[in-house]
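The values are calculated or read from the model by the stated rules, or taken from the named source; none is laboratory data. Given the structure is predicted, the values throughout are model-derived calculations rather than measurements. Reconstructed Cβ throughout: ideal geometry from the backbone, glycine too, with neighbour counts over all protein chains shown.
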């Protein structure tokens with residue numbers, strides 16, 4: 001990994017440069033994408049949004065887990081794991097085009113499943 005990640009301003013500037021938009025237009029486009037993602041993943045939305053060529057975001061409902069006894073993997077001593085309430089988590093899956101760009105190989109050649 002070379003270099004640092006882009007700041008918000010640098011990302012908007014790069015988006016504007018690649019698309020031929022002004023910085024204000026690129027920022028409003030990015031805000032519109034964010035608003036769509038928030039609406040689709042919200043409680044009233046379908047819980048699934050696809051950003052073509054990049055990634056897919058899904059809301060996964062994790063069930064409640066009861067308190068249970070297990071073994072601490074570091075000390076090998078028995079311990080009680082706390083109960084967890086039911087919750088919603090966001091799962092991100094990269095699309096094939098992004099996977100190919102990052103890994104440099106076809107998605108079927110590697111063992112990457114997500």
Check your understanding: Hey, among 57, 30, 21, which residue is in a loop (DSSP other than H, G, I, E, B) and surrounded by 10 or more Cβ atoms within 10 Å (Cβ to Cβ)?
Key -> 21
Exercise for review: Determine which single condition residue 41 fails, assuming it passes every other condition in (1) without any contact (Cβ under 8 Å) to a residue 40 or more places away in the chain; (2) out of contact with any helix residue (DSSP H, G or I) (no Cβ under 7 Å at 6 or more places or on another chain).
Suggested key: (1)
Review point. Residue check, residue 5 against (1) assigned to a loop (DSSP other than H, G, I, E, B); (2) more than 22 Å from residue 97 (Cα to Cα), all met but one. Which one?
Key: (2)
Review point. At pLDDT below 90, touching a strand residue (DSSP E or B) at 6+ places or on another chain (Cβ under 7 Å) and surrounded by fewer than 10 Cβ atoms within 10 Å (Cβ to Cβ), is that true of residue 69?
Key: no
Practice item. Report yes if residue 44 is part of a loop (DSSP other than H, G, I, E, B) and on the phi < 0 side of the Ramachandran plot, otherwise no. Key: yes
Exercise for review: Please indicate, with yes or no, whether at least one residue in the range 85-100 is at pLDDT below 90 and in contact with a helix residue (DSSP H, G or I) (Cβ under 6 Å, 6 or more places away or on another chain).
Suggested key: no
Check your understanding: Residues in the range 72-83 that are exposed (fewer than 10 other Cβ atoms within 10 Å of the Cβ) and outside any strand (DSSP E or B): how many?
Key -> 6
Review point. Yes or no: residue 35 outside the structural domain of residue 100 (by TED's automatic domain parsing) and within 22 Å of residue 99 (Cα to Cα)?
Key: no
